[in-house]
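Structure record follows, encoded as structure tokens.
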Amino acid sequence: MKRDNYTFLTHGPIHRVIFTMAIPTIISMLSTSMYNLADTYFVGSINTQSVAAVGVSFCMMSVIQAVGFFFGHGAGNYISRQLGAKNVENAQRMAATGVILSFIAGLLIAIIGQAFLSPLCVFLGSTPTILPYTERYLGIILLGAPFMTMSLTVNNLMRFQGNTIYAMRGIMSGVLLNLILAPLLILYFCLGITGAAIATLTSQIFGCMMLLWMTTKGQNIRIQPRLFSPTKTYLKEIAAGGTPSLSRQGLGSVSTLVLNVAAGAYGDAAIAGMSIVTRISFFTYAIVIGLGQGFQPLCGFCYGAKLYRRVRDAFYFCIKCGSVFLAVCAIVGFIFAEPIIELFRSDPDVVAVGAVALRWQVISFPLVASIVLTNMLTQTIRKPIRANLIAAARSGLFFIPLIFILPHFFGLQGVEMCQAWADVCSFIMAVPIACSAFRDMRREKQSNIYHLLCAN
């Protein structure tokens, strides 16, 4: 018997709905993180410069991902609310619009990036010794930008419809291919960092095709180009729902860039060590982000159906689960920092920097769940100002000033501790923002009751 997504999301047991939505999403998030993590791992056998080049290129990868999430979350948030209100035609038009616009945006990124490749690599933080490796890697990666943006958009559209299993299958297909191709091209064919880039490009294209195929399965909205409707209304909805994701991912790229520059003052080993910690952290956060993204379909459907208490209960359930998980990760990361860094690069200088940075990073891990879930909540219920504020907090509003201030007083340790202090400040901001969102829901509920009574 086929599951009715509307009934399941609006009336199913919260823990069951969350885990049903979240587990495939978590796997998808982990899979997306695996692209860079796999490249970092396999190029670690080449040299420190290659590891650093992958780290530097991650800034641009974050920009591409930011664009994909912008269209995916912007269109997806609108789609989930429309499906919750049973306005299917609006949802179909938005799906086609979001996907096509994301491909166009990715194509523009690829063209501009190739035209200004060398200055772009320098701008991203490449030192003279790292630059040739970065140019080689990023030049190939940029070719896949339109497929990467479209993949992330399609993935998120399926997720917001409650069809996370199909999204997972599409993403996983690309990741599995990358895990096969990366060691084959890097180690067996001795293509080095070029092989890593080719593996990622091929996998991104294949994964995109698989995701598009998945939209033809189950209860997914089919992507129909004839429904492409770039009207002012749809563009406004994409901007309102997608800007927080753009802020979060885009500022993540800026923070990585600034981090590379700050670490670069202490040598290539510092850049490599910090880049490894960044990837480990992103991989860990993928679990919580996946949990939050599993929450979003329920949140969108229930908010559209005016089931505000159910939104609140699901929100707190996700925070509890995410905080416990990150606390366990924090303990493991603190105790085994050196062996974890050594998995990626055995260079003693890299390990020395990375281990200290990882210990600082994990201290704030348990706070991240509340920050992420507050961002997901405000984004889905269309509170763009608050959503953008909390989205900008970790990687921009607090991190960027701190990365200039702390190294001035503490040197390299200031670079290593920066993200932890940014997380503490972001948590302090997230708590009142979440409270204000639920206060607004109570007011909306009272207003709905008042209008109902007046109508009768």
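The residues of segment 218-258 that are within 26 Å of Met168 (Cβ to Cβ) and part of a loop (DSSP other than H, G, I, E, B), listed by number, are Gly218, Gln219, Asn220, Ile221, Arg222, Ile223, Gln224.
When Met61 is tested against (1) crowded, with 20+ Cβ neighbours inside 10 Å; (2) of a type in the set (A, V, I, L, M); (3) modelled with pLDDT of 85 or more, just one condition goes unmet, and that condition is (3). Among the residues of segment 312-358, how many are outside any loop (DSSP other than H, G, I, E, B), in contact (Cβ under 8 Å) with a residue 40 or more places away in the chain and of a type in the set (D, E, K, R)? Within segment 312-358, residues that are outside any loop (DSSP other than H, G, I, E, B), in contact (Cβ under 8 Å) with a residue 40 or more places away in the chain and of a type in the set (D, E, K, R) number 3.
Could you please find all residues in segment 55-89 being in a helix (DSSP H, G or I), polar (S, T, N, Q) and either without any contact (Cβ under 8 Å) to a residue 12 or more places away in the chain or in contact with a Phe, Trp or Tyr (Cβ under 6 Å, 6 or more places away or on another chain) (or both)?
Filtering segment 55-89 for residues in a helix (DSSP H, G or I) gives 55-84, 88-89.
Within this subset, residues satisfying the condition of being polar (S, T, N, Q) are 57, 62, 65, 77, 80, 82.
Within segment 55-89, Ser57, Ser80 meet the criteria.
Taking the stated definitions as given, is Phe317 within 22 Å of Ile26 (Cα to Cα) and surrounded by fewer than 20 Cβ atoms within 10 Å (Cβ to Cβ)? Yes, satisfied.
Within segment 226-241, no residue that is under 16 Å from Ser80 (Cα atoms) sits with its Cβ atom under 8 Å from a residue that is surrounded by fewer than 16 Cβ atoms within 10 Å (Cβ to Cβ) and at pLDDT 90 or above at 6+ positions apart or across chains.
If you check Thr164, Thr153, Thr134, Thr129 for being more than 26 Å from Phe19 (Cα to Cα), of a type in the set (Val, Ile, Thr) and surrounded by 18 or more Cβ atoms within 10 Å (Cβ to Cβ), only one passes: Thr134.
Counting only residues that are of a type outside the set (A, V, I, L, M, F, W, C) and at pLDDT 90 or above, which one in segment 138-185 is nearest to Gly84 (Cα to Cα)?
From segment 138-185, those of a type outside the set (A, V, I, L, M, F, W, C) are 139, 144, 146, 149, 151, 153, 155-156, 159, 161-164, 166, 169-170, 173-174, 178, 183; that's our starting set.
Filter again for at pLDDT 90 or above, leaving 139, 144, 146, 149, 151, 153.
Working: Gly139: 43, Gly144: 34, Pro146: 30, Thr149: 26, Ser151: 24, Thr153: 20 Å.
For segment 138-185, the residue satisfying everything is Thr153.
Given the criteria touching a Phe, Trp or Tyr at 6+ places or on another chain (Cβ under 8 Å), farther than 15 Å from Trp421 by Cα and modelled with pLDDT of 90 or more, does Leu367 qualify?
Numbers: touching a Phe, Trp or Tyr at 6+ places or on another chain (Cβ under 8 Å): yes; farther than 15 Å from Trp421 by Cα: no; modelled with pLDDT of 90 or more: yes.
Judged against the criteria, Leu367 is not a match.
The values are calculated or read from the model by the stated rules, or taken from the named source; none is laboratory data. Please read these numbers as outputs of a predicted model, since none were measured by experiment. In this analysis, Cβ positions are derived from the backbone assuming ideal geometry, glycine residues included, and neighbour counts consider all displayed protein chains.
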